[in-house]
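Below is one structure, written out as structure tokens; comments come after it.
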Amino acid sequence: MMSNKFFKSMVIFNVKNISSRSYTNLPDFTKNTFNVERGFYNYFQEPHLRFFQNLLGNERVVTDLFDLERHNVDWFLQLRGSSDVVLKPKTTEEVSKILEFCNGNKLAVCPQGGNTGASGGSVPVFDEIIISMEMMNEIINIDEDSGTVTCQSGVILESLDKAVAEKGFVVPLDLGAKGSCHIGGNVATNAGGMRLIRYGNLHGNILGLEVVKANGEVLNLLKPMKKDNTGFHLKNLFIGSEGTLGIITKVILQCPPRPRSQHVAFLGLQKYDKVLKTFKKARSDLGEILSAVEVMDHATIEFAHEYVQTVSPIGDYPFYLLIETSGSSDEHDEHKVHAFVESALNQHFVLNGTVASDHTKVRGLWELREKVPVGFKKCGWVGLFDVSLPIKHYYTMVDETRSFLKNRVDSVFGFGHLGDGNLHLNAVSKKYDETLKTSLEKFVAVKTTEFGGSVSAEHGVGFLKRRYLPMANSPGAFHLMTDVKKLLDPNRILNPYKIFP
Ligand SMILES: Cc1cc2nc3c(=O)[nH]c(=O)nc-3n(C[C@H](O)[C@H](O)[C@H](O)COP(=O)(O)OP(=O)(O)OC[C@H]3O[C@@H](n4cnc5c(N)ncnc54)[C@H](O)[C@@H]3O)c2cc1C
């Protein structure tokens with residue numbers, strides 16, 4: 001039996017009663033904010049428009065200013081391009097003809113999935129033609145023998161998961177943006193998400209891709225085999241290439257069997273060293289059924305309470321852990337989770353907690369974590385960092401950032417995928433300060449490197465982190481990347497101003 005303390009739940013925070021500010025203003029144009037120079041590309045003109053209208057029909061060539069806006073501005077309301085046109089192909093052949101034409105006419109393009117990217121890769125910087133993949137959303141085949149799904153790249157992640165769920169499978173990738181992001185965007189950013197600790201990254205789960213190169217050539221890498229050592233693993237080149245090497249049009253994904261039982265423990269802890277001990281214990285006690293380990297500090301929960309009105313169900317603690325298990329035997333898993341939490345309480349690693357087993361309660365606990373980024377749209381300015389760190393330095397990074405910023409911002413907080421050493425570090429301020437932003441970015445980049453981490457754990461480089469690419473890679477690796485880019489896209493029409501400084 002669990003202690004009463006363990007079942008203590010639904011304690012409402014006593015937080016400052018500050019009403020939410022809404023961020024209704026659009027950001028300034030990226031070219032102005034970041035003082036970028038336009039490349040030597042041709043401007044989009046009437047004959048180009050006619051070509052695209054002939055190819056796609058008028059409805060799939062968007063030029064209406066109001067409709068263009070959602071494609072020109074990023075999800076986090078930090079960047080704004082000024083594209084005059086969005087193209088919405090439905091087939092690989094159409095993507096191929098669009099790129100062949102753009103390459104021949106030196107027109108820059110910006111491939112766009114669900115436009116939820118966090119590094120600014122998905123929106124144009126100037127007037128790049130936006131190629132939206134949202135109408136390439138066909139699920140082509142689910143092979144029940146091998147557990148693989150083949151689909152076009154514009155399928156929304158959540159829809160893909162629902163489709164494979166009907167056949168008893170699960171998409172081995174889950175993130176807060178699942179209702180909007182595309183599987184193609186996930187591949188292009190090498191998205192990580194909540195279940196990476198269980199299923200590994202996309203390099204292992206993506207079996208095949210179809211990609212259209214800058215010159216329009218269709219590259220067939222659609223081998224559905226888990227094992228294939230015939231030459232270079234070319235598909236891996238496009239995983240994480242952020243639309244700079246080609247447009248991904250089809251994906252073959254390996255899907256594991258859908259877990260039949262799921263439990264979530266939401267725990268309150270006193271100190272980061274207890275967080276680490278509990279994490280280590282979870283790995284050892286829960287073993288093969290452990291499927292997610294998310295951490296949030298107190299300031300994260302305060303921020304979420306203020307901007308997205310979520311409430312900790314266990315009261316007020318310096319740290320929170322959300323630990324999920326997924327398995328095939330409910331009784332077995334439930335026993336393991338409860339034994340783990342009881343033991344963590346008895347060892348004083350954990351101060352309080354609650355376990356949810358039914359679907360609605362599990363979703364409720366997950367929302368506490370998933371809704372945090374939604375607050376970023378409402379809070380004024382936020383410096384968002386997505387770093388990976390050796391786990392012992394994970395929270396030192398937040399402490400050091402707080403000391404660095406002192407009282408120059410309203411709040412500094414950290415949350416993220418602890419299981420993968422992936423920290424989302426955030427500094428929130430009511431007003432934007434360019435000097436502060438620049439010095440903070442430098443501080444985070446230098447500190448992360450000092451700690452032996454990476455300045456981009458899962459969000460990619462995009463536009464916002466491009467200047468760190470040479471710093472984050474050896475000179476040899478950086479030069480090879482530029483050589484590959486030159487080889488695949490000699491006219492540099494694919495997503496210019498992104499990844500490369
Ligand atoms: C609430 C929220 C939670 C998030 N949580 C996570 C998380 O846990 N883990 C994580 O990794 N990310 C997370 N993100 C970031 C984002 O959702 C991911 O980067 C996602 O993979 C982007 O997919 P998308 O379809 O929206 O792509 P976009 O944002 O449209 O594009 C991202 C990049 O990929 C390129 N691209 C898109 N589609 C294609 C294509 N078919 N071919 C070639 N290039 C393409 C774009 O040019 C751009 O450079 C989160 C974002 C939000 C808003």
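What the table below lists for this structure:
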item: Degrees, to the nearest 10: 394-405 long Cα axis against longest axis of the chain; result: 80 degrees
item: Pairs of Lys in region 444-501 closer than 17 Å at Cα, counting only those 8 or more apart or on different chains; result: 4
item: Simple spin-label estimate for Lys271 and His335 in nanometres, 7 Å along Cα-Cβ; result: 3.5 nm
item: Computed E for His348/Phe232 - FRET, C-beta separation, R0 56 angstrom, nearest 0.05; result: 0.60
item: C-alpha center-to-center spacing [region 227-305, region 26-49] in angstrom; result: 36 Å
item: Cα-based reach from Lys167 at 28 Å (exclusive), listing lysines while leaving out same-chain residues under 8 positions away; result: Lys90, Lys178, Lys223, Lys226, Lys227, Lys235, Lys250, Lys336, Lys361
item: Peptides 182-192, 45-55, 159-169 ordered by average Cβ neighbours within 10 Å, highest first; result: 182-192, 159-169, 45-55
item: Carbon plus sulfur fraction of accessible area for the chain, probe 1.4 Å, in percent; result: 52 percent
item: At R0 = 30 Å, FRET efficiency that the Cβ-Cβ distance of Met225 and Arg283 yields, to 0.05; result: 0.45
item: Accessible surface of Ser329 - all protein chains present, 1.4 Å probe, nearest 10 Å²; result: 50 Å²
item: Point-to-point label distance, Lys431-Val311, nm (Cα→Cβ direction, 7 Å offset); result: 3.5 nm
item: Pairwise FRET efficiency - Val446 versus Asp67, Cβ, R0 = 51 Å, nearest 0.05; result: 0.75
item: Amide H contacts under 5 Å for Phe169, placed H, 5+ residues apart; result: Arg258
item: Region 379-464: relative contact order as a whole-number percent, Cα under 8 Å and 6+ apart; result: 44 percent
item: Accessible surface, per residue, of region 139-254 when the full set of protein chains is kept, probe 1.4 Å, Å²; result: 39 Å²
item: On Cα atoms only, tilt of 475-488 relative to the major axis of the chain in degrees; result: 50 degrees
item: Folded to 0 to 90 degrees: helix 46-56 orientation relative to the chain principal axis, Cα; result: 60 degrees
item: Fully extended contour minus Cα-Cα distance, from Lys167 to Thr360, at 0.36 nm per residue; result: 67.3 nm
item: Per residue accessible area in Å² of region 281-361, where ligands, DNA and RNA are left out and the probe is 1.4 Å; result: 37 Å²
item: The chain - mean residue ellipticity at 222 nm from DSSP helices (-39,500 (n - 2.57) per run, n ≥ 4, rounded to 500); result: -10000 deg cm²/dmol
item: Surrounding net charge for Asp127, when Lys and Arg each add one and Asp and Glu each subtract one, Cβ distance under 9 Å; result: -1
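The values are calculated or read from the model by the stated rules, or taken from the named source; none is laboratory data. Since the structure is predicted, the reported quantities are computational estimates derived from the model, not experimental observations. Note that each Cβ is placed from the backbone with ideal geometry, even for glycine, and that neighbours are counted across all protein chains shown. Please note that ligands, DNA and RNA were not included when accessible areas were found on the heavy atoms of the full protein model with its side chains. Shrake-Rupley method; radii C 1.70, N 1.55, O 1.52, S 1.80 Å.
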